[in-house]
Amino acid sequence: MKITTTIAAVSLLSALSFGAFAAESVSAEQAKNMQPVGIVTMSGVAGAPMDIHQALRTKAESQGASAYHIIEARNQDTWHVTAELYK
């Protein structure tokens, strides 16, 4: 019983902390008030736009960014996306 409670608590805290620190997509207007930290390009991403955003969140977080703004996106069987990263 105690192990089940511990596992449930850890799972809940992991989900909450992931949401609290996840990089977010921002508009061009919002980006004007943020500090740019770089540009990333991703190619060959299959799936829906939601999958692109998840891949960008992961890449932004790995580079210490808290937000990203997509500046180019095109789909020809797979996605090609360019985004600017911000702190």
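Evaluated against (1) of a type outside the set (Asp, Glu); (2) more than 28 Å from residue 76 (Cα to Cα); (3) surrounded by 10 or more Cβ atoms within 10 Å (Cβ to Cβ); (4) at pLDDT below 95, residue 5 falls short on exactly one condition, (3).
Taking the criterion of being outside any loop (DSSP other than H, G, I, E, B) and either under 16 Å from residue 48 (Cα atoms) or over 13 Å from the mean Cα position of the chain (by Cα) (or both), the residues of the stretch 65-81 that qualify are 70, 71, 72, 73, 74, 75, 76, 78, 79, 80, 81. Scanning the stretch 32-81 for residues that are of a type in the set (Ser, Thr, Tyr) and buried (at least 16 other Cβ atoms within 10 Å of the Cβ), we see that the one that is nearest to residue 22 (Cα to Cα) is 66.
The values are calculated or read from the model by the stated rules, or taken from the named source; none is laboratory data. Just so it is clear, the model here is predicted, and its values are computed rather than measured. In this analysis, Cβ positions are derived from the backbone assuming ideal geometry, glycine residues included, and neighbour counts consider all displayed protein chains.
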